[in-house]
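What follows is one structure encoded as C-alpha cells, with my remarks underneath.
The values are calculated or read from the model by the stated rules, or taken from the named source; none is laboratory data. The structure displayed is predicted, hence computed values, not measured ones. Please note: Cβ atoms are built from the backbone with ideal geometry, for glycine as well, and neighbour counts cover all protein chains shown. Each accessible area value is taken on the protein alone, full model and side chains, heavy atoms only, with ligands, DNA and RNA left out. Shrake-Rupley method; radii C 1.70, N 1.55, O 1.52, S 1.80 Å.
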Amino acid sequence: MAMDRAQLILLGLPIFLFCSDLFNLFTPPPPKPPHHRPHQPPPHVPHQQRVIPETLDFPSQKASGLGSVGYGNTVEINFCVSCSFKGTAVTMKKMLETEFPGLDVILANYPAPAPKRLLAKVVPVAQMGVIGMIVAGDRVFPMIGIAQPPAWFNSLRANRFGSMASTWLVGNFLQSYLQSSGAFEVLCNGELVFSKLKEGRFPGEIELRDLISKKLTRPSIISGSY
C-alpha cells in the first residue's frame, strides 16, 4: 500500500507540473502599463537666480549644457526576458538615468520569431501526449486498432517514472530555447543605436553612454547648437 502511494505521488507530480506549464503558457500576459511620461521641463529657476557670473565668460568655465539634455527624450531597451538579460537591462537603465537626468528609459521584452513562438506552444501539448501514452498506452493502442504495442512503448513503460521525468525536462528545455530571442536592442528616440543580434555581444556601460550622448547632442536635438 505504501508503494502504491509513492507511485501515485511520483506519477502525479510531473502531470501537475506539466498542467501548470501549459496553463501559464496559454494565459495571456497582463496589459503593460503605459510607459510614456508627461513632458517634464527643467526645474524653474527664479528670475533672481539667473544671474550669470562674469567668470563664465572664460572658455574653461562655460557650462556644457548637457545637464538637462535627457528631458523629452526616450531610450528603449528591448531584451530577451527568457534569456535572463533583465539584470543587465536594469543596470543599463539606472546608468542612463543617472548620466542623463530626465531621460525616459523603457524596458520591454523582445519576442522570438513567430515560428519559434508557435512551436513553443506545441511543446507542452506533446509533453502531455507522451506522458498520457506512457500511463495508459496499453489501453489506447487496442482502441486504435493496434493489438501489439510497438517496441519503443515497451521501453518507455519499462521505466515509466524515469521516462516521464525525462520528457518533462527535455520539453521544458526545448520550450525555453524556442521562446528565447537572444536580443538586447537599444533604441534612442526610435533609432537603433546598438544591436546584440548584429554585434553578437552586450554593450559596455561607457560604450552605451557615449552612443546615447552622441544621439542626444546632435544639432537636430539641441536647438541652436553648432
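At R0 = 41 Å, how high is the FRET efficiency between Lys93 and Leu174 if r is their beta carbon distance? Nearest 0.05 is fine.
Rounded to the nearest 0.05, the efficiency is 0.85.
Mind checking the per residue accessible area of the stretch 104-149 for me, 1.4 Å probe, whole number of Å²?
Result: 56 Å² of accessible area for each residue.
Where Lys and Arg each count +1 and Asp and Glu each count -1, what net charge lies around Leu96 among other residues with Cβ under 13 Å from its Cβ?
That works out to -3.
What number comes out for the charge environment of Ile134, summing +1 per Lys or Arg and -1 per Asp or Glu over other residues with Cβ under 15 Å away?
In short, +2.
What distance in nm lies between label points placed 7 Å from Cα along the C-beta direction at Asn189 and Ile146?
My value for the distance between the label points is 6.3 nm.
Name the shape class, rounded, prolate or oblate, that the alpha-carbon gyration tensor gives for the stretch 133-226, where a ≥ b ≥ c are the square roots of its eigenvalues, rounded holds for a/c under 1.5, and otherwise prolate holds if a/b is larger than b/c and oblate otherwise.
prolate
Hey, what do the phi angles of the stretch 104-116 turn into as Karplus ³J(HN,Hα) couplings, whole Hz, using 6.51/-1.76/1.60 and θ = phi - 60°, x for Gly and Pro?
Listing the rounded values in order: 8, 9, 10, 9, 8, 7, 9, x, 6, x, 4, x, 5 Hz.
If each of Glu205 and Leu119 carries a label point 7 Å out from its Cα toward its Cβ, how far apart are those two points in nm?
For Glu205 paired with Leu119, the spin-label model returns 3.8 nm.
Report, in listed order, any pair from Lys94/Lys121; Lys93/Lys121; Lys86/Lys196 with a Cα-Cα distance greater than 25 Å.
From the list (Lys94/Lys121; Lys93/Lys121; Lys86/Lys196), the Cα-Cα distance tops 25 Å for Lys94/Lys121; Lys93/Lys121.
Relative contact order for the stretch 134-226: what is it in percent, counting Cα pairs under 8 Å that are at least 6 residues apart?
On the way: 49 pairs, mean separation 12.9, N = 93.
This gives 14 percent for the stretch 134-226.
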